[in-house]
Each structure stands twice: as structure tokens, then as C-alpha cells.
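Enquirer: The structure is given below, and queries will be raised subsequently.
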2 protein chains.
Amino acid sequence: MKAISPGRKVRGSKTGKPIMALLDLLGRRMTLRVLWELREGPLTFRALQTAAATNPSVLNTRLAELRQAGLVAHEGEGYALTPLGRELLAVFLPLHVWADRWADKVRVEVRKGGA
Amino acid sequence: MKAISPGRKVRGSKTGKPIMALLDLLGRRMTLRVLWELREGPLTFRALQTAAATNPSVLNTRLAELRQAGLVAHEGEGYALTPLGRELLAVFLPLHVWADRWADKVRVEVRKGGA
DNA sequence: CTTCATGCTATGTTTTCCGTAGCGTTTTGT
DNA sequence: ACAAAACGCTACGGAAAACATAGCATGAAG
């Protein structure tokens, strides 16, 4: 397993700068989604699989990466965000609201330009 | 080309909820990176390719998606964030700072637990 | 009219992801 | 006690995405 952590070589960047490592991690399928699905509390492996609508192999890969990155941990109640993970997610929470406004905007744009 | 826009079917979610469409879009390789590289101003296709350390085919795919999503536009000076794109990026700007703190934290965690 | 930069396509290889089946273990129910 | 269910997770084959490189068409500049 190629661990993702700051300072290590990263897809698309040899510098290993933290921001690049982070963008690399977050740019993998289901990473953002998993963090998102954990926003309200811990989930079991299988619940997470259902919530994120993915398969065990990808999920397991992502969880391994997220655990190594210190963003997710596996305790008694299942998988949960670490304090660090909660910090990161906090940055994304505004996205929920923004996404709805985006939806309206883009619909409008499409109508203006489209058929 | 499978356009990404809110309300459409999305990888990993049939609901088409805006947030899911957004997470899908952002969870593709180089999407976040491209937005990030455009944070300081417009770049030409080739400059962007260099900055993001990617290849023309992926870059072109991402740019098409980002344009359809109304986040990036192609004008005289090259590719640039739209107002909407700048809004979205604004959400991510704190990541830069956060990533550095993350780097320190994770290094410490690794040292504590590791060899 | 050559040279250069631009935006982009084409092609083949490698990597990643997907979908399903299933294993070993622990909990739950009877 | 024992079957049934849920748990975390692995294996594997096929599909899709990404990577790397080459090259083309256009337009501006020398």
C-alpha cells in the first residue's frame, strides 16, 4: 500500500508538499465521500459501504489511507473521524450549502445557453 | 463526455443531489489540483499542464467538466476561474494552512507509533 | 515562410476502480 | 449449545480511468 502522508512522494508532484499530498489524497475516488458520510458519527465498515455506495475493496483501500493520514480511526463503534479528520471536514461543511446554490446557478446557465 | 452537473446521475449516487455531484466532480484526479493551480490567475492549457504535472488528455477532460460545471472558463488569457469557481476555491483556501499543520501532526503521530 | 506557442486529439500501456463471491470471527437470537 | 446474522476484510476478473508520448491544426511573430 502506498501510504499518503505529507513529505512523501505524491502522484502528480515530486515535491511532497503537504497541500499536494492532501489534494492527492482527496482526489481519489470516495475519499471525500467517506469523510462526508462520517460527518454525523461513526459507521461500521458495512454501513459505510452502503452509505457511500461503494465496494469493500475500494473502501478498505481508502480507509487504510485515511487511517494512515490520521483522519479516521477504527474504534469500538466502527469507523469515525479523528479530531484531525473533524477539522478537515469542517472546511468542507460549507460545501453543502454552496452546492445547492451552485445547482441553481448552473441550471440557469444551462438554460440561458442551451436549447 | 459525461457532464457533471447537479441533478444528473452521478458515480456512487443515484440521487443526483448537488453535494453528491460536487463530491463526484472534486473526487476525480486533478480536479482539485486544477482549481488550485488557477488560484492566482489564468493559465494557458500548456502552462496548466505543467503546473499540475499532468497530461493533455486528462487535463482536457477535467477542463471540459469544469467548464460545464461553470467553474472554469476559457477566455483570451487562457483558462481562468469563473466567479463561481472563485467562490468554490475560497472554501479550499484554508486547506493550505491546514495542510501544513496536518503535516506536523501526522509526522508526530507516525514518530510516536512508529520505529 | 519558417519558427514558435497554443489548444487539443490519438494511441498504447499501466493503474485504478468496480462488482461479486467468499473467508474467518464475533455477536445475536432461540 | 447452536444456527443465523453481522462484522471486517480479501481475492479475483473485467471495465474504466489515468498516464505518457507523439503529433496535428491554427494563429501570431520574426
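Enquirer: Residue by residue through the range A:57-72, note down the ones that are out of contact with any helix residue (DSSP H, G or I) (no Cβ under 6 Å at 6 or more places or on another chain) and away from chain B (no Cβ under 11 Å).
Expert: A:S57, A:N60, A:T61, A:L63, A:A64, A:E65, A:L66 - these are the residues of the range A:57-72 that are out of contact with any helix residue (DSSP H, G or I) (no Cβ under 6 Å at 6 or more places or on another chain) and away from chain B (no Cβ under 11 Å).
Enquirer: Looking at (1) open to solvent by less than 30 Å² (accessible area, probe 1.4 Å); (2) touching a Ser or Thr at 6+ places or on another chain (Cβ under 8 Å), which is the one condition that is false for B:L88?
Expert: In the conditions (1) open to solvent by less than 30 Å² (accessible area, probe 1.4 Å); (2) touching a Ser or Thr at 6+ places or on another chain (Cβ under 8 Å), B:L88 misses (2) alone.
Enquirer: Can you find, within the range A:76-115, the residue that is modelled with the highest pLDDT among those that are farther than 23 Å from B:A73 by Cα and over 19 Å from the mean Cα position of the chain (by Cα)?
Expert: A:E77
Enquirer: Quick one: is B:R39 touching a helix residue (DSSP H, G or I) at 6+ places or on another chain (Cβ under 7 Å) and surrounded by fewer than 17 Cβ atoms within 10 Å (Cβ to Cβ)?
Expert: Working: touching a helix residue (DSSP H, G or I) at 6+ places or on another chain (Cβ under 7 Å): yes; surrounded by fewer than 17 Cβ atoms within 10 Å (Cβ to Cβ): yes.
Judged against the criteria, B:R39 is a match.
Enquirer: Follow-up. Could you identify the single residue in B:L59, B:L66, B:L95 that is closer than 21 Å to B:G27 by Cβ and away from DNA strand D (no atom under 16 Å from the Cβ)?
Expert: B:L95
Enquirer: Further, regarding this structure: Tally the residues that are open to solvent by 10 Å² or more (accessible area, probe 1.4 Å) and part of a helix (DSSP H, G or I), restricting the search to the range B:42-59.
Expert: Summing the residues that are open to solvent by 10 Å² or more (accessible area, probe 1.4 Å) and part of a helix (DSSP H, G or I) in the range B:42-59 gives 9.
Enquirer: Taking the range A:69-85, which residues are surrounded by 19 or more Cβ atoms within 10 Å (Cβ to Cβ), part of a helix (DSSP H, G or I) and not small (G, A, S)?
Expert: Within the range A:69-85, A:L84 is the sole residue that qualifies.
Enquirer: Could you list all residues from the range A:8-30 that are modelled with pLDDT under 70 and more than 7 Å from chain B (Cβ to nearest Cβ)? So that I can check it myself, show each step before the final result.
Expert: Narrowing the range A:8-30 to residues modelled with pLDDT under 70: A:8-16.
If the condition is that a residue be modelled with pLDDT under 70 and more than 7 Å from chain B (Cβ to nearest Cβ), then A:R8, A:K9, A:V10, A:R11, A:K14, A:T15, A:G16 are the ones that fit.
The values are calculated or read from the model by the stated rules, or taken from the named source; none is laboratory data. Note that the coordinates shown come from a computational prediction; the quantities given were computed from them, not determined experimentally. Methodologically, a virtual Cβ is constructed for each residue, glycine included, from the backbone with ideal geometry; neighbour enumeration extends over all protein chains shown. Heavy atoms of the whole protein, side chains included, go into the accessibility calculation; ligands, DNA and RNA do not. Shrake-Rupley method; radii C 1.70, N 1.55, O 1.52, S 1.80 Å.
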